[in-house]
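Each reported figure results from applying straightforward, stated rules to the coordinates on display, with no laboratory input. Keep in mind that this is a model prediction, so the values were computed, not measured. For neighbour counting, all protein chains shown are included, and Cβ atoms are generated from backbone atoms with ideal geometry for every residue, glycine included.
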Amino acid sequence: MSKSGAGVGVHQERSLASGAAPGVAGAALPVLRLETPWLLFKGMRPRQWPKNGVVLVALLFAQQLGQPGQVLRALVAAVVFCLLSGAVYLVNDLLDVEKDRLHPVKRRRPLASGRLAPGLAWVAAGALAAGSLVAAALLSPAFFAVAAGYVGLQVLYVLALKHMVILDVLALASGFVLRAVAGAVVVGVPISPWLYVCAMLLALFLALGKRRQELVLLMGEGDMDGSSALARGHRPALAGYTVGLVDQLIVVVTTCLVLAYMLYTFSAENLPRNHAMMLTIPFVLYGLFRYLYLVHVRGEGGAPEEVLLRDPGIAACVALWGAAVVAILYLLPGSLPDYLQPR
């Protein structure tokens, strides 16, 4: 091999290791076979999978944790949604690969960086979606219908809704509601409509915080209204937002979320009649206020799932809230809701 050929090979290897994108480092880069499974796994964004824990909420609040069969069904349902969302993330990155290369963080993703072959990602996404829907159908027809509706919503989001102001965050929030519905359907339990309302509002709260962080991150120097050419190039819907508008929307959603959760703890028929669930309100308030602090003061919030895992205040708050809910629903006297009370 000539010295020039060897130099090209070394340059390609170094570019691949650094995650440089095609068009930035030059020609398309080869895919390392041993690295491919890991790249596919990263492309499915496992860090986002904690969101699918919403599927388990119905199991918890319906007081079914002591039923092994129900727990198993709920866990399988959560895995199905993890795989479905992984397939959607692959498709999203395939369609947005050029725009992701404009983003200071997303350009490091396997597809945007050129380390993962698009053809392989398409095949993997199709196989994941098909296999997950088959598993959903085996669990129950109703669960399959909800899972298929979730896939349809996500495809619509990727193709169109993500480019529409307001509708983009509403679509994201609707995905959370479908997860909650799926969790209730798969174990066959009634859930208060208040819980769906709270899930929707919480998802809106997180989505708006993420939009705000994207605006701040992509904001041009001196671009005080919060929208820039870089932001518009990365995500067209961002051109319709400003930091001021998003801040106002966050205030509205936060207020509605607090009120909805309070009403839920007082009035939901599937909660204990002693109203002990209202003792969890301080945890919810602290969690929301802490998250707002992280978004506005520390400039975090672009990845809500990472905030949950990395911030000790949020993590402790969620853990204490969960422990309080379990204690109230399963350990306190008179914890059985009306529809489970002996006649």
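Taking neighbour counts of Cβ atoms within 10 Å as a proxy for exposure, in what order, fewest first, do MET262, MET44 appear?
MET262, MET44
Would you kindly compute the Cα radius of gyration of region 76-167 and its largest Cα-Cα separation (Dmax), both in Å?
Cα only, region 76-167: 14.4, 43 Å (Rg, Dmax).
Taking N as the number of residues in region 33-90, what is its Cα Rg relative to 2.2 N^0.38 Å?
Dividing the Cα Rg of region 33-90 by 2.2 N^0.38 Å gives 1.37.
Suppose we keep just the alpha-carbon trace of region 32-190; what are its Rg and Dmax in angstrom?
Expressed in Å, the Cα Rg and Dmax of region 32-190 come to 16.4, 49.
Among CYS82, CYS256, what is the fewest-to-most ranking by other Cβ atoms within 10 Å?
CYS256, CYS82
Using Cβ contacts closer than 10 Å as the measure, can you line up PHE143, PHE205, PHE283 from fewest to most?
In order of increasing Cβ crowding within 10 Å: PHE283, PHE205, PHE143.
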